[in-house]
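Below is one structure, written out as structure tokens; the observations come after it.
Nothing in this text is a laboratory measurement; each read-out follows from the coordinates by a stated rule. Since the model is a prediction, treat every value here as computed from it, not as a measurement. A quick note on method: Cβ atoms are made from the backbone with ideal geometry, for glycine too, and the neighbour counts reach across all protein chains shown.
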Amino acid sequence: MSETVAISPGSTPQSAALATAAVVMLFPAYALPVMHLGILGQTASDTTILSGIVQLWRQGLGGLAAIVFTASFLVPLLKLGGLGWLLLAASRKKSKANPRRLTRVYAAIDFIGRWSMLDVFLVAFLSGAVRFGKLASVHPRPGAVAFGGVVVLTMLATHQFDPRVLWAEARRSDANNAVKI
Amino acid sequence: MAERGRLGRQAALAFALAGLILAIPAALLPFVTLGKFGRERTTILTDSFQGFWAHGFESLGIWVLLCGVLAPIGLLTLLVAVLSTDRHPALQNLNRQLRRWAHGVEYWAMPEVQVLGVMVAFFKLGDVVQVFVGPGLWCYGAMSLFTLLAWRRFNLQPRQERVALLSGRASS
């Protein structure tokens, strides 16, 4: 019953590799258009993640723009920033960071991760539903693939990271203190 | 404590069964009907997957289908299986295995995010097309809610069962 699982030594480097790939994918994800909207009588336009948020804001939908901005822009950046912090703390042999706090950061990253899929579902729904030929149509663009890649990679990186490594140093110092006593 | 655990288990089973039953009309009934200049187009749940697939973004289409449809239905099925087998001593090994799968699948099941994505799409469409919500979307929204409730109840089960799960993890 008290059997425990050893921390996999590869979990931190694997998580770091996935997080690095996600950082690389961030650039095309935000720079490339995620969808193309064509409406009869209006100029066809490509929409990026950020221009989509601006459009919502201009339509007077400030609250909705804030939700999309949080889910599609802030959350991926916070996740990658948080993961970077955790990976740095895990790689230092003598980290001064509080493991309890870091574990809370990990739990938060794990919780918010899925909400970045909002824009992918949005483009999927629009490109599947708005198919009226020349009257109105929505087509996905390569930015959607890059953004989907960011979401998948950050989720995999979080999943791969083993938060128990954050406690390893605390355990070692506890064990040393016990030996001294 | 035992009484609370029993009720929590029964509630989780009831929510999971309700979600699983709702998954059928959610997948088959009209999701949304869009209208433009007298032309109408009715979509079903899986049209989101086809939207990507038809434009050459197959991997993204599969990803959307997985997170929005297959994983939630798989999770509900696993929850029903776990909660139906946890009181049979002969099925404990199977039960532990099913629990591990449920925890693995839950990570990728995101029906609530898809519901929010569709809501944002409605606002984004604005005056471009007329939108009529179909019964499929209502059922999918309810399924999403029941999935969340079932998972929450499942995670609030008594400690003994969590210990059993952890020891199952340890033996893998």
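Which whole-Hz couplings ³J(HN,Hα) result when phi for each residue of segment A:155-167 is put into the Karplus expression 6.51 cos²θ - 1.76 cosθ + 1.60, θ = phi - 60°, listed in order with x for Gly and Pro?
Calculated HN-Hα couplings, in order: 5, 5, 4, 5, 5, 6, 5, 9, x, 5, 5, 5, 9 Hz.
Treating only the Cβ atoms of Lys and Arg (+1) and Asp and Glu (-1) as charged, compute the dipole magnitude of chain B about its Cα centre; round to the nearest 20 debye.
640 debye
Counting other Cβ atoms within 10 Å, which chymotrypsin sites (Phe, Trp or Tyr not before Pro) in segment B:20-106 have at most 15 and lie in a DSSP loop?
B:Phe37
Please state the relative contact order of chain A as a whole percent: Cα pairs under 8 Å, 6+ residues apart?
Relative CO of chain A lands at 39 percent.
So how tilted is helix B:111-125 from the main axis of chain B? Cα-based, degrees 0 to 90, rounded to 10.
For B:111-125 against chain B, the angle is about 20 degrees.
Residue-wise, which Karplus ³J(HN,Hα) couplings in Hz belong to segment A:50-62, taking 6.51 cos²θ - 1.76 cosθ + 1.60, θ = phi - 60°, and x for glycine or proline?
Those phi angles translate into 6, 5, x, 5, 5, 4, 4, 4, 5, 6, x, 9, x Hz.
Taking chain A as the region of interest, what is the percent of Cα-Cα pairs per 5 angstrom bin, listed from the shortest bin to the one with the maximum distance?
For chain A, the binned pair fractions read 1, 8, 14, 16, 15, 11, 9, 8, 6, 4, 3, 2, 1, 1, 0, 0, 0 percent.
Which value in deg cm²/dmol, rounded to the nearest 500, describes the helix-derived mean residue ellipticity at 222 nm for chain A, given -39,500 (n - 2.57) per DSSP H run of n ≥ 4 and division by the residue count?
-20500 deg cm²/dmol
Along the Cα→Cβ direction, 7 angstrom out, place labels at A:Val23 and B:Trp138. What is the inter-label distance in nm?
The answer from the label model is 5.0 nm.
By counting other Cβ atoms within 10 Å of each Cβ, how are A:Ile67, B:Ile21 ranked from fewest to most?
Working: A:Ile67 18, B:Ile21 15.
Ascending number of Cβ neighbours within 10 Å: B:Ile21, A:Ile67.
I'd like the FRET efficiency for A:Gln14 and A:Thr70, computed as 1/(1 + (r/R0)^6) with the beta carbon distance as r and R0 of 25 Å, rounded to 0.05.
Computed FRET efficiency for A:Gln14 and A:Thr70: 0.30.
How are the C-alpha pair distances of segment B:1-143 spread across 10 Å bins, as whole percents from the shortest bin up?
Over segment B:1-143, the share of Cα pairs per 10 Å bin runs 11, 33, 30, 16, 8, 2, 0 percent.
List nothing, just return the count: lysine pairs in chain A, 8 or more apart or interchain, with Cα separation under 29 Å.
For chain A, the number of qualifying lysine pairs is 6.
Loop-only check: which trypsin sites (Lys or Arg not before Pro) in segment B:33-106 are DSSP coil with at most 12 other Cβ within 10 angstrom? Could you put the intermediate results ahead of the total?
On the way: sites: B:Lys36, B:Arg39, B:Arg41, B:Arg87, B:Arg96, B:Arg99, B:Arg100; in loops: B:Arg87.
Qualifying residues, ordered by number: B:Arg87.
If amide hydrogens are placed 1.01 Å from N in the peptide plane, which non-local residues have theirs closer than 5 Å to the one on B:Gly134?
Under 5 Å from the amide H of B:Gly134 lie the amide H atoms of B:Val32, B:Thr33, each far enough along the sequence or on another chain.
Which of the three applies to the protein assembly as shown, rounded, prolate or oblate, going by the alpha-carbon gyration tensor with a ≥ b ≥ c and a/c under 1.5 meaning rounded?
oblate
Give the order of B:Met119, A:Met35 when sorted by the count of other beta carbons within 10 angstrom, beginning with the fewest.
Starting with the residue having the fewest Cβ neighbours, the order is B:Met119, A:Met35.
Name the residues whose placed amide hydrogens come within less than 5 Å of the amide hydrogen of A:Val130, ignoring near sequence neighbours (fewer than 5 apart) on the same chain.
A:Val138
Could you work out how far apart the two model spin labels at B:Phe37 and A:Ser45 are, taking each label as a point 7 Å from the Cα in the direction of the beta carbon, and quote it in nm?
The answer from the label model is 2.1 nm.
Once Lys and Arg get +1 and Asp and Glu get -1 on their Cβ, which of B:Ile62, B:Val133, A:Pro163 lies farthest toward the positive end of the dipole of the protein assembly as shown?
Projecting each Cα onto the dipole axis, the largest value belongs to A:Pro163.
Please list 3J(HN,Hα) in residue order for segment A:24-38, calculated via the Karplus relation 6.51 cos²θ - 1.76 cosθ + 1.60 where θ = phi - 60°; whole Hz, with x for glycine and proline.
4, 6, 4, 5, x, 4, 8, 8, 7, x, 9, 7, 10, 10, x
What FRET efficiency would be calculated for the residue pair B:Asn93, A:Ala31, taking the C-beta separation as r and a Förster radius of 51 Å, to the nearest 0.05?
Efficiency computed from Cβ-Cβ geometry: 0.50.
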